[in-house]
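Below is one structure, written out as structure tokens; the observations come after it.
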Amino acid sequence: MNIGDKVRLVHSKEEGIITRFLQNDVVEIEIEEGFRLPVLKRELAVVSSVEGQFFRGQKGSQTAEKSAESRPSGIRAEKGIFMAFIPLNDREIALHLVNNTDWDLPYALTQPSERHQRGLSGGVLKAKSSVKVQDLLIKDFDDWGTFVFNCLYYTVGFSPERAPLNKRVKFRANTFFKNKRKAPLHDKDAYLYQLDADEKIEQPVNAQTLKEKMFEKNEPEPAIPVKVERPAAVIDLHIEKLTRDFLALNNAQMIDIQLKTFEQQLEKAIASGMDEITFIHGVGNGVLRTEIHRRLGKHKNVQFYQDAQKEKFGYGATKVKIK
């Protein structure tokens, strides 16, 4: 006796197929109605093909023939149908259909157009098998169009009923080329798309819940404290202190860098809780000093400002008192 053999119970007329061997000389058989029964080996007799032919015209022959065609489904891999795009070189890519399930799949792969559809591949895609459909040019990606895949699920013997699979696919470059991994059954890198992946099911909206959400008070999220780096007490705004490329800058560019540094360091001083900060801007033609004083005079967080360290900088430095 082997798994898949057709057997008959010695003390009854029931027949079935051996599905597995259990302990203590017990065999599990699947009868026509789909039930599985544990039976002692000595209670079974193998039904030979000759016997089936001899009794073909008699009553009960239809059951015998049907059992002869049946075998345990053994479905283990329920999902795993892929379109696998395997690169051939830097210009071409080969499209394969991969069936990594334990179902046989009568299928059709087509491409629809405005008035017609183009058949690309069809037939029966056996369990744990793959079929090459066509070669495609990568440069024509935007012209590949839409693919439509339809299939049925089939296996010999008894199996759960499954609805046909119908899938319509249009690839986008920004996601297609990010999904590269090993193709099942090929062990090659491929751009994979699973045709039988679980769809995301949107939960129905409960009217009462929706109403409650609409009238909920939007509580502000608690602010996350940000630690601000405390600047130095004295900031030198001379351009050679701020950039190595000062020789390549014109006057307007230099002033812009100096003022941006002044603004940044003043805001850091305020945010970090400093009482005062001094900026060394130099005397020069007075343009930078004048602009800094103009901005300080309008700043809401500045208590006052004044020339600082005259004995050292003359009128080339300004101390700022922060509120």
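The values are calculated or read from the model by the stated rules, or taken from the named source; none is laboratory data. Remember, predicted model here, so these are calculated numbers, not experimental data. All Cβ positions, glycine included, derive from the backbone under ideal geometry; neighbour counts span all protein chains shown. All accessible areas refer to the heavy atoms of the entire protein, side chains included, with ligands and DNA or RNA removed. Shrake-Rupley method; radii C 1.70, N 1.55, O 1.52, S 1.80 Å.
Before moving on, here are some points about what is shown:
- In summary, Val156 fulfils each of the numbered conditions (1) touching a Phe, Trp or Tyr at 6+ places or on another chain (Cβ under 8 Å); (2) within 29 Å of Ile17 (Cα to Cα) with the single exception of condition (1).
- Matching residues, region 288-320, being of a type in the set (Phe, Trp, Tyr) and either on the phi > 0 side of the Ramachandran plot or touching an Asp or Glu at 6+ places or on another chain (Cβ under 6 Å) (or both): Tyr315
Per-residue answers, yes or no, for (1) acidic (Asp, Glu); (2) at pLDDT 90 or above; (3) part of a loop (DSSP other than H, G, I, E, B); (4) farther than 22 Å from Lys312 by Cα:
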position: Ile255; (1), (2), (3), (4): no, yes, no, yes
position: Phe262; (1), (2), (3), (4): no, yes, no, no
position: Ala269; (1), (2), (3), (4): no, yes, no, yes
position: Met274; (1), (2), (3), (4): no, yes, yes, yes
position: Ile277; (1), (2), (3), (4): no, yes, no, no
position: Val283; (1), (2), (3), (4): no, no, yes, no
position: Leu288; (1), (2), (3), (4): no, yes, no, no
position: Glu291; (1), (2), (3), (4): yes, yes, no, no
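- Hey, Arg118 within 22 Å of Phe177 (Cα to Cα) and either modelled with pLDDT of 80 or more or surrounded by 14 or more Cβ atoms within 10 Å (Cβ to Cβ) (or both) or not: no
- Taken over region 5-31, residues that are of a type outside the set (Ser, Thr, Tyr), open to solvent by less than 40 Å² (accessible area, probe 1.4 Å) and out of contact with any helix residue (DSSP H, G or I) (no Cβ under 8 Å at 6 or more places or on another chain) amount to 6.
- Scanning region 129-170 for residues that are in contact with a strand residue (DSSP E or B) (Cβ under 9 Å, 6 or more places away or on another chain) and among the hydroxyl-bearing types (Ser, Thr, Tyr) yields Ser129, Ser130, Thr146, Tyr153, Tyr154, Thr155.
- Close pairs from region 258-272: first among the aliphatic types (A, V, I, L, M), partner in a loop (DSSP other than H, G, I, E, B), Cβ under 8 Å, at least 6 apart: Leu266/His299; Ala269/Arg230; Ala269/Pro231; Ile270/Asn301; Ala271/Val228
- Odd one out for Gly123, checked against (1) part of a strand (DSSP E or B); (2) in contact (Cβ under 8 Å) with a residue 24 or more places away in the chain; (3) closer than 17 Å to Lys167 by Cα: (2)
- Test for Lys178: is it within 15 Å of the chain's Cα centre (by Cα) and within 13 Å of Phe85 (Cα to Cα): yes
- Residue check, Lys227 over 17 Å from Gly316 (Cα atoms), at pLDDT 90 or above and in a loop (DSSP other than H, G, I, E, B): no
- All of (1) modelled with pLDDT under 75; (2) open to solvent by less than 100 Å² (accessible area, probe 1.4 Å); (3) charged (D, E, K, R) hold for Asp196 with one exception: (1).
- Applying the condition of being part of a strand (DSSP E or B) and touching a residue at least 60 places away in the same chain (Cβ under 8 Å) to region 1-30 and asking which residue is farthest from Phe158 (Cα to Cα) yields Lys6.
- Some residue of region 135-151 being open to solvent by 30 Å² or more (accessible area, probe 1.4 Å) and on the phi > 0 side of the Ramachandran plot: no
- Any chance Phe171 is modelled with pLDDT under 95, more than 20 Å from Asn100 (Cβ to Cβ) and touching an Asp or Glu at 6+ places or on another chain (Cβ under 7 Å): no
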